[in-house]
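K.L.:
Before I ask anything, let me first share the structure, which is written out below as structure tokens.
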Amino acid sequence: MKESFQTLSSDAQWHSLVHEAQAKAHLHLSEILEHYLVMLLSRFTSRTASLCEAVAPHYLEAMRNDSQQRPKSLRDVGDTCLLLSGLFPGRSNKLAVSADYYIGLGQSAYGEAATHLDTDDHPLFLTLAQRFVSAMDVLMAIRLMGKNSSLLPDTLSAYELSQQYGSQTAKQVVSTHCDSPDSVILSPSGTQHLH
């Protein structure tokens, strides 16, 4: 990845980056999901401040909201979880929360958004809930193509993502630090050892 997020301005550039990331992650997203990621990344560059806020209060607020804004509020929570788990997976370590937190909350938010929609967007949000990890993998592959490895998950978190969710990109993160993904061994104290 030769350009920073701030210098990518057109949807065509984001689309090219998403395509490259899919190839690196050995994934093929549906056209609708691919298009959604392009739009999400395009919107992300103008609203990075929202990624610094706590996510759970926004989810609870959206669930209490009985207005027509509920699906949009839930979508925003799902989007934030997807961006944090994909583009900034190392952030969860700093906040002492697991990747499960963002994955579960994001899947739930998209799933709830789908149940409250009677429009053409219903299948999209259902797909986002079901394919959350694949979309996360593509975003993580974008991060992996960049230079800032401090924003990637640590080896243990990546190993857990690869084992629990089948994350292909997390397997790549592990393999950059180990001979094979199976060479991470946990001691009884929970510390990781690489062999």
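The values are calculated or read from the model by the stated rules, or taken from the named source; none is laboratory data. Just so it is clear, the model here is predicted, and its values are computed rather than measured. Glycine also receives a Cβ, built like all others from the backbone with ideal geometry; neighbour counts cover every protein chain displayed.
K.L.:
Being at pLDDT below 90, polar (S, T, N, Q) and more than 21 Å from E20 (Cβ to Cβ) is the filter here; which residues of region 121-149 pass it?
P.N.:
none
K.L.:
Also: Any idea which residue in region 21-46 is nearest to F125 (Cα to Cα), counting only those that are in contact with a Leu (Cβ under 8 Å, 6 or more places away or on another chain) and not aliphatic (A, V, I, L, M)?
P.N.:
Kept after step one, since they are in contact with a Leu (Cβ under 8 Å, 6 or more places away or on another chain), are these residues of region 21-46: 21-22, 24, 29, 32-33, 36-37, 40-41, 44-45.
Still in the list and also not aliphatic (A, V, I, L, M): 22, 24, 36, 44-45.
Working: Q22: 20, K24: 25, Y36: 10, F44: 18, T45: 22 Å.
Within region 21-46, the match that is nearest to F125 (Cα to Cα) is Y36.
K.L.:
On the basis of being modelled with pLDDT under 90 and crowded, with 20+ Cβ neighbours inside 10 Å, does P57 make the cut?
P.N.:
No.
Residue-by-condition table, conditions (1) surrounded by fewer than 18 Cβ atoms within 10 Å (Cβ to Cβ); (2) modelled with pLDDT under 90; (3) not in a helix (DSSP H, G or I):
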{"site": "L37", "(1), (2), (3)": "no, no, no"}
{"site": "A62", "(1), (2), (3)": "no, yes, no"}
{"site": "Q68", "(1), (2), (3)": "yes, yes, yes"}
{"site": "R75", "(1), (2), (3)": "no, no, no"}
{"site": "C81", "(1), (2), (3)": "no, no, no"}
{"site": "F88", "(1), (2), (3)": "no, yes, yes"}
{"site": "V97", "(1), (2), (3)": "yes, yes, yes"}
{"site": "G104", "(1), (2), (3)": "yes, no, no"}
{"site": "E112", "(1), (2), (3)": "no, no, no"}
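K.L.:
Given (1) in a helix (DSSP H, G or I); (2) under 21 Å from S157 (Cβ atoms), identify the lone condition not met by P123.
P.N.:
(2)
K.L.:
Still on this structure, I have one more. Evaluate region 174-191: report whether one residue or more is at pLDDT 80 or above, part of a helix (DSSP H, G or I) and crowded, with 17+ Cβ neighbours inside 10 Å.
P.N.:
Yes, region 174-191 contains a residue that is at pLDDT 80 or above, part of a helix (DSSP H, G or I) and crowded, with 17+ Cβ neighbours inside 10 Å.
K.L.:
Starting from residues that are exposed (fewer than 15 other Cβ atoms within 10 Å of the Cβ) and among the charged types (D, E, K, R), keep the ones in region 1-35 and report whichever is modelled with the lowest pLDDT.
P.N.:
Once the filter is applied, the top-ranked residue is K2.
K.L.:
Every residue in region 82-112 that is without any contact (Cβ under 8 Å) to a residue 40 or more places away in the chain and within 15 Å of L40 (Cβ to Cβ), please.
P.N.:
If the condition is that a residue be without any contact (Cβ under 8 Å) to a residue 40 or more places away in the chain and within 15 Å of L40 (Cβ to Cβ), then L84, G106, Y110 are the ones that fit.
K.L.:
Anything in region 73-122 that is within 13 Å of the chain's Cα centre (by Cα) and on the phi > 0 side of the Ramachandran plot? List them, or say none.
P.N.:
none
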